[in-house]
């Protein structure tokens, strides 16, 4: 990607009872990415090619699962155009899947993004917004039925860690958001940068798309 197109603006949606690692895992990946790993780690002024924003429906603090308090950078009403929208999961998706205002914003923003992605049950919000119709998708293994209920026109893949058919990406549960984010880094900047980011985090780069655990029952 041309340096003139940097930074890539990422919006991570947050809402009450969002899953912490669904947010924090991808946030960490994008924030520690460097285009020249060795040189840039030695320069205090080096920065990530990603600009990451936390986005919520309102500008009030959000209480994640477990009580972690998250503060949004912008609301859906003043959010800038995004190159990447990432929708995490958590118990809060059961409520937000009925939030027409938020679903409309997701659908509208997805028209402008290069990639719209979900982690875990965030796929239910993409599905309810109509973004998974006729597409393969995946989610947390405990939420296959929930996703099928809200997105009857999607084909759920129970055997994969993520689906990467542009412009909509989905991933399995919780820690799979880190895998997805690493593959997104590679999507924009190549596998070498994605692998270097994983190495910095001391996390295995997801060479395989095979689901690590869970059940389809």
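Taken together, the values in this text are just the output of simple stated rules run on the coordinates, not laboratory data. What you are looking at is a predicted structure, and each value in this text was computed from that prediction instead of being measured. When we count neighbours, we look across all protein chains shown, and the Cβ atoms used for this are built from the backbone with ideal geometry, even at glycine.
Taking the helices alone, the chain has a mean residue ellipticity at 222 nm of -9500 deg cm²/dmol, built from -39,500 (n - 2.57) per DSSP H run of at least 4 residues and averaged over all its residues.
Taking the C-alpha atoms only, the angle from helix 191-201 to the longest principal axis of the chain is near 90 degrees.
Once both axes come from the Cα atoms, what is the angle between helix 100-110 and the longest principal axis of the chain, in degrees from 0 to 90, rounded to 10? Its long axis makes an angle of about 40 degrees.
Compared with the alpha-carbon gap, the fully stretched path from residue 141 to residue 108 is longer by 9.1 nm at 0.36 nm per residue. Cβ-Cβ distance of residue 36 and residue 133, R₀ of 35 Å, FRET efficiency by 1/(1 + (r/R0)^6): the value works out to about 0.30.
Relative protection proxy for 203-209, 66-72, 135-141, from highest mean packing down: 135-141, 203-209, 66-72 (other beta-carbon atoms within 10 angstrom).
Once the cut-off is 24 Å, how many percent of the Cα-Cα pairs in the chain end up in the long-distance tail?
37
Secondary structure note: in the chain, about 25% of the DSSP beta bridges are antiparallel.
Seen against the Cα atoms of the chain and their longest principal axis, helix 176-189 is set at about 50 degrees.
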